[in-house]
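Enquirer: Here you go, one structure.
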């Protein structure tokens with residue numbers, strides 16, 4: 001029979017709008033774009049498959065005012081509301097949940113995400129309007145919980161792996177859920193539940209979707225907490241499944257641009273080569289971007305990526321100082337970074353260098369060396385972030401042990417703020433240098449000329465593709 005369920009990124013009462021997806025949570029201002037909410041529509045698809053009536057509310061894209069959102073949720077009158085909860089948005093998320101409970105006293109409020117995974121007991125103890133917290137990979141835990149709520153079978157709750165809940169005032173933490181071994185079991189994400197036209201690429205302005213070829217990461221970067229969500233083993237969809245998704249999205253939503261959303265798209269070389277060969281053979285004519293690591297690419301792979309429509313590749317450079325890379329457990333060298341960027345320049349794929357200021361070992365001199373190193377490797381774009389000690393990461397544990405944390409205000413735990421003090425470098429030092437880095441990098445005539453030339457090329461390519469599709 002099923003129940004009515006709202007799956008949501010909720011509005012907050014104050015502050016900037018945050019993009020929330022998997023391990024990522026960042027202000028909308030970064031790249032000035034909204035990410036398609038893969039986690040929401042993946043959960044929604046599993047719930048729909050199980051017979052539930054589902055709606056999706058993604059505040060960064062829909063942006064309802066408080067009154068309109070209240071009408072929306074009262075009209076739908078869900079029996080359960082699933083809420084994506086991240087560290088910098090947790091207070092706003094909880095405030096929104098409280099308002100929903102006031103509007104619909106009988107509704108079950110269910111949180112998922114890494115912050116709830118780490119602090120499930122603390123949240124349930126302090127906030128009695130939160131009914132359940134889903135830890136780790138969310139889809140199957142939420143499906144099983146919805147079934148138990150539909151059956152009104154409270155006795156089944158203790159058998160739902162990955163669930164934290166409350167019973168007669170006692171906090172209960174069920175055993176961990178195993179990660180989904182065969183990702184092809186999952187139905188196609190329910191993108192039909194959102195307006196896909198609201199999600200557009202930065203700079204190009206073309207509609208795009210997230211496509212997730214795999215989950216999990218084998219690397220152990222100090223600042224990352226992805227493993228708390230998707231585990232430390234690479235799990236992949238089959239090539240057949242990824243091709244099926246690409247074809248379906250092109251036909252159903254007229255989407256030709258995709259972000260291959262995974263920690264490191266080039267981690268499994270054989271999988272990616274097989275996928276690229278199939279994309280080239282079928283002449284899918286799609287364009288896509290991805291994340292990569294500098295130690296998992298080569299000239300053959302990059303050449304195939306370009307032929308298969310790769311528009312841009314983002315690398316985690318983090319720092320131009322080997323000692324900082326080592327302390328951050330990046331397991332890469334400056335020479336590997338230089339080699340990777342020389343290869344991508346040869347092939348002609350634009351690149352992004354993601355850099356992070358304020359990691360252990362950082363000094364004013366080391367930040368200047370990072371900027372000098374960027375000029376040497378010459379990426380097309382650079383993103384400058386602050387090091388965030390996210391709960392669930394090794395950096396959070398280390399910062400607490402070393403006394404580096406300067407605040408417990410969760411809303412400041414994001415990549416445009418800085419909450420540590422390392423080697424005497426505090427918030428003002430890191431934020432001011434980050435601003436200077438953006439100015440220094442982008443106020444360069446040659447770089448700006450190259451960026452505009454690349455945008456023009458992609459615009460003309462898009463226009464020519466549209467013209468061909470008319471015939």
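The values are calculated or read from the model by the stated rules, or taken from the named source; none is laboratory data. Nothing here was measured: the structure is a model prediction, and the numbers come from that model. In this analysis, Cβ positions are derived from the backbone assuming ideal geometry, glycine residues included, and neighbour counts consider all displayed protein chains.
Enquirer: Considering (1) modelled with pLDDT under 95; (2) in contact with a helix residue (DSSP H, G or I) (Cβ under 8 Å, 6 or more places away or on another chain); (3) under 25 Å from residue 309 (Cβ atoms); (4) crowded, with 18+ Cβ neighbours inside 10 Å, say which one residue 392 fails and leave the rest.
Expert: (3)
Quick grid of which residues meet (1) closer than 23 Å to residue 105 by Cβ; (2) not in a strand (DSSP E or B):
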residue: 133; (1), (2): yes, no
residue: 140; (1), (2): no, yes
residue: 150; (1), (2): yes, yes
residue: 161; (1), (2): no, yes
residue: 166; (1), (2): yes, no
residue: 181; (1), (2): no, yes
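Enquirer: Same structure, new question: Does the stretch 73-95 hold any residues that are assigned to a loop (DSSP other than H, G, I, E, B) and under 21 Å from the mean Cα position of the chain (by Cα), and which are they?
Expert: 85, 86, 87, 88, 89
This table checks each residue for (1) in a helix (DSSP H, G or I); (2) buried (at least 21 other Cβ atoms within 10 Å of the Cβ); (3) in contact with a helix residue (DSSP H, G or I) (Cβ under 8 Å, 6 or more places away or on another chain).
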| residue | (1), (2), (3) |
| --- | --- |
| 335 | yes, no, no |
| 340 | yes, yes, no |
| 344 | yes, yes, yes |
| 349 | no, no, yes |
| 355 | no, yes, yes |
| 362 | no, yes, yes |
| 373 | yes, no, yes |
| 376 | yes, no, yes |
| 397 | yes, no, no |
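Enquirer: Of these, 84, 77, 53, which one is on the phi > 0 side of the Ramachandran plot and either buried (at least 18 other Cβ atoms within 10 Å of the Cβ) or outside the structural domain of residue 407 (by TED's automatic domain parsing) (or both)?
Expert: 77
Enquirer: Checking the condition in contact (Cβ under 8 Å) with a residue 60 or more places away in the chain, within 13 Å of residue 7 (Cβ to Cβ), touching a helix residue (DSSP H, G or I) at 6+ places or on another chain (Cβ under 8 Å) and part of a strand (DSSP E or B), which residue from 41, 54, 46 passes?
Expert: 54
Enquirer: Whether any residue in the stretch 180-199 is closer than 18 Å to residue 44 by Cα and without any contact (Cβ under 8 Å) to a residue 12 or more places away in the chain is what I want to check.
Expert: yes
Enquirer: Hey, another quick one. Working carefully through the options 119, 132, find the one that is in contact (Cβ under 8 Å) with a residue 12 or more places away in the chain, in contact with a strand residue (DSSP E or B) (Cβ under 7 Å, 6 or more places away or on another chain), closer than 19 Å to residue 177 by Cα and not assigned by TED's automatic domain parsing to the domain that holds residue 392.
Expert: Result: 132 is the single residue among 119, 132 that is in contact (Cβ under 8 Å) with a residue 12 or more places away in the chain, in contact with a strand residue (DSSP E or B) (Cβ under 7 Å, 6 or more places away or on another chain), closer than 19 Å to residue 177 by Cα and not assigned by TED's automatic domain parsing to the domain that holds residue 392.
Enquirer: Let me ask something else. I'm checking my understanding of the structure. Among residues of the stretch 200-210 that are touching a residue at least 24 places away in the same chain (Cβ under 8 Å) and part of a loop (DSSP other than H, G, I, E, B), which one is surrounded by the most Cβ atoms within 10 Å (Cβ to Cβ)?
Expert: 201
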